[in-house]
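To start, the structure itself, in structure tokens.
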Amino acid sequence: MFDHDGIRVVLAPAWKSFLWPFLLIALANIALACFNLVRQYWTVPTALLRLALDTAGAVGICSLLRAKLLLEISAPQLTAARAAQVTYTLNTVMGRLFPVAVVACVLIVVISNGIRLARLGKPGKL
């Protein structure tokens, strides 16, 4: 829940199921980044790990859009009916953006990892 200056946003309880996977992905990304500070070129295992982490993050982001996590919005200027309409609209728009997010995530994962795989074993920029 977010509550600041009278604006209140309540998330559905399902948001907690997204917290731990995203935290684990973030920690794995930090560990890989630390490893890359020591070994400044890509190997097959590190490139595959990055591919797996990027794919897991993309799946998580796309899943968030489908989850309808927004439960309630309230603000001093909003009537209850208008707040319910805004909540419904935001959840609907997020759901409709799912296909766009899938395409964007696939492009990002394929392009970034394709470049990385082309640099396997070459010292220099990660």
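The values are calculated or read from the model by the stated rules, or taken from the named source; none is laboratory data. Given the structure is predicted, the values throughout are model-derived calculations rather than measurements. Here the Cβ is made from the backbone with ideal geometry for all residues, glycine too, and neighbour counts use every protein chain on show.
Go through the range 77-94 and give me each residue that's of a type outside the set (Ser, Thr, Tyr), exposed (fewer than 13 other Cβ atoms within 10 Å of the Cβ) and under 21 Å from the mean Cα position of the chain (by Cα).
Hit for the range 77-94 is VAL93, nothing else.
Being in contact (Cβ under 8 Å) with a residue 12 or more places away in the chain and assigned to a helix (DSSP H, G or I) is the filter; apply it to the range 60-83 and report the residue that is farthest from ARG116 (Cα to Cα).
Per the criteria, the residue is ARG66.
Looking at (1) surrounded by 15 or more Cβ atoms within 10 Å (Cβ to Cβ); (2) among the hydrophobic types (A, V, I, L, M, F, W, C); (3) under 14 Å from the mean Cα position of the chain (by Cα), can you tell me which one LEU51 breaks?
Unmet for LEU51, out of (1) surrounded by 15 or more Cβ atoms within 10 Å (Cβ to Cβ); (2) among the hydrophobic types (A, V, I, L, M, F, W, C); (3) under 14 Å from the mean Cα position of the chain (by Cα): (3).
Scanning the range 7-32 for residues that are at pLDDT 90 or above and of a type in the set (Val, Ile, Thr), which turns out surrounded by the most Cβ atoms within 10 Å (Cβ to Cβ)?
Filtering first and then ranking leaves ILE25.
Between a first residue in the range 28-43 that is of a type outside the set (A, V, I, L, M) and a second residue that is surrounded by 11 or more Cβ atoms within 10 Å (Cβ to Cβ) and modelled with pLDDT of 90 or more, which pairs have beta carbons less than 6 Å apart while being 6 or more apart in sequence or on different chains?
Qualifying pairs under 6 Å: ASN29/LEU53.
Of everything in the range 33-47 that's hydrophobic (A, V, I, L, M, F, W, C) and surrounded by 14 or more Cβ atoms within 10 Å (Cβ to Cβ), which residue is farthest from ASN113 (Cα to Cα)?
So the residue we want is TRP42.
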